[in-house]
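Working notes, structure below.
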Amino acid sequence: MLQFMLLSLLFFQVVHIAGVPLQTPIIPMYACSSVDFYSPLLGGGSMLDNGEPLNVIISALSTPEVLTEDGIINFAKAIGFSEECLDIHLGAPQSANLGDGNGWVNQTIELRQYYGNSEIGTCLETLIGGNHFRVFDQNGPDAPSGALFLAVSQEEDLEEAHTVIPDGYDIGRDKLVKAAIGTTHFDGVTYFTTARNLTGLLAAGSIGVNHGIATDGITTLLTVTIVDDFQ
């Protein structure tokens, strides 16, 4: 396990991309994991789900409550996303292999931009398009980090069958990260989020990517810390 952790840490090169500040993550003292995540590539997995880049990772060094399903939903609402319209999901779920021993597993949840209304705003996203992301848990026996891998993309409207816009994977990622960094809050919970951009996980270009849309090969690592109850 130690060798696996060291390989994961050596696998990446930290870079900076326009619009996403490079910051040193604040690691909560009560984090239950000793690593940000394990590289899926080292465990025979992939950084693509069924063709979509896993272009954002919520670090396992985040506050543990954030890494639960309820926790990621609340954090998502703090940065402008919510559950799907009327809890209805159209289309088949995507699956991902995070190299953790679980093989290909369906997404945990899908969250959509809510346009200012966390209750019904995602119905508008369904009609006019917008940003959205899928969540996958790295929790298998071979790499139980607890990190959350997100497939983020900006999509077209319903008339265009929600296809991803040109450059939509990078655009979706950058919009989510911009909304997340710094201090946010929802439903009495305040978050402080830092971001690091990583290379070496995703290959730049369009090979294997849905719709033939090229990406810049950047994965953004978010460390999300619950800092206090919001008053």
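The values are calculated or read from the model by the stated rules, or taken from the named source; none is laboratory data. Please read these numbers as outputs of a predicted model, since none were measured by experiment. Cβ sites come from the backbone with ideal geometry, for glycine too, and all protein chains shown count toward neighbours.
Counting residues that are within 19 Å of Ser145 (Cβ to Cβ), touching a helix residue (DSSP H, G or I) at 6+ places or on another chain (Cβ under 9 Å) and modelled with pLDDT of 95 or more, which strands (runs of 3 or more DSSP E) fully inside the range 74-116 reach at least 2?
In the range 74-116, the matching strands (runs of 3 or more DSSP E) lie at 95-97.
So, Asp142, is that one among the acidic types (Asp, Glu), in contact (Cβ under 8 Å) with a residue 24 or more places away in the chain, more than 20 Å from Thr126 (Cα to Cα) and not in a loop (DSSP other than H, G, I, E, B) or not?
Considered against the rule, which asks whether it is among the acidic types (Asp, Glu), in contact (Cβ under 8 Å) with a residue 24 or more places away in the chain, more than 20 Å from Thr126 (Cα to Cα) and not in a loop (DSSP other than H, G, I, E, B), Asp142 comes out as no.
With modelled with pLDDT of 95 or more and in a loop (DSSP other than H, G, I, E, B) as the only criterion, which of Ile226, Ile171, Ile207 stands out?
Ile207
Could you check the range 181-199 and list, in sequence order, the residues that are more than 25 Å from Leu42 (Cβ to Cβ) and crowded, with 16+ Cβ neighbours inside 10 Å?
Listed by number, the residues that qualify are Ile181, Thr184, His185, Phe186, Val189, Thr190, Tyr191, Phe192, Thr193.
Please determine, by comparing only the residues of the range 67-76 that are in contact (Cβ under 8 Å) with a residue 12 or more places away in the chain and surrounded by fewer than 24 Cβ atoms within 10 Å (Cβ to Cβ), which one is farthest from Asn117 (Cα to Cα).
The qualifying residue farthest from Asn117 (Cα to Cα) is Glu69.
Within 21 Å of Ile57 (Cβ to Cβ), touching a Lys or Arg at 6+ places or on another chain (Cβ under 6 Å) and assigned to a strand (DSSP E or B): which single residue out of Leu198, Leu221 fits that description?
Going through Leu198, Leu221 in turn, the sole match is Leu221.
Taking Leu150, is it without any contact (Cβ under 8 Å) to a residue 40 or more places away in the chain, within 20 Å of Asp49 (Cβ to Cβ) and surrounded by 23 or more Cβ atoms within 10 Å (Cβ to Cβ)?
no
Looking only at the range 200-231, how many residues end up being closer than 13 Å to Pro53 by Cβ and buried (at least 17 other Cβ atoms within 10 Å of the Cβ)?
11
Of the conditions (1) at pLDDT 95 or above; (2) over 16 Å from Ala151 (Cα atoms); (3) under 18 Å from the mean Cα position of the chain (by Cα), Gly43 clears all except one; give me its number.
(3)
Which condition number does Lys178 fail, the rest of (1) of a type in the set (Lys, Arg); (2) buried (at least 19 other Cβ atoms within 10 Å of the Cβ); (3) assigned to a helix (DSSP H, G or I) being met?
The single condition Lys178 does not satisfy is (2).
In the set Gly172, Gly182, which member is more than 19 Å from Ile109 (Cβ to Cβ) and among the small types (Gly, Ala, Ser)?
On inspection, the qualifying residue turns out to be Gly182.
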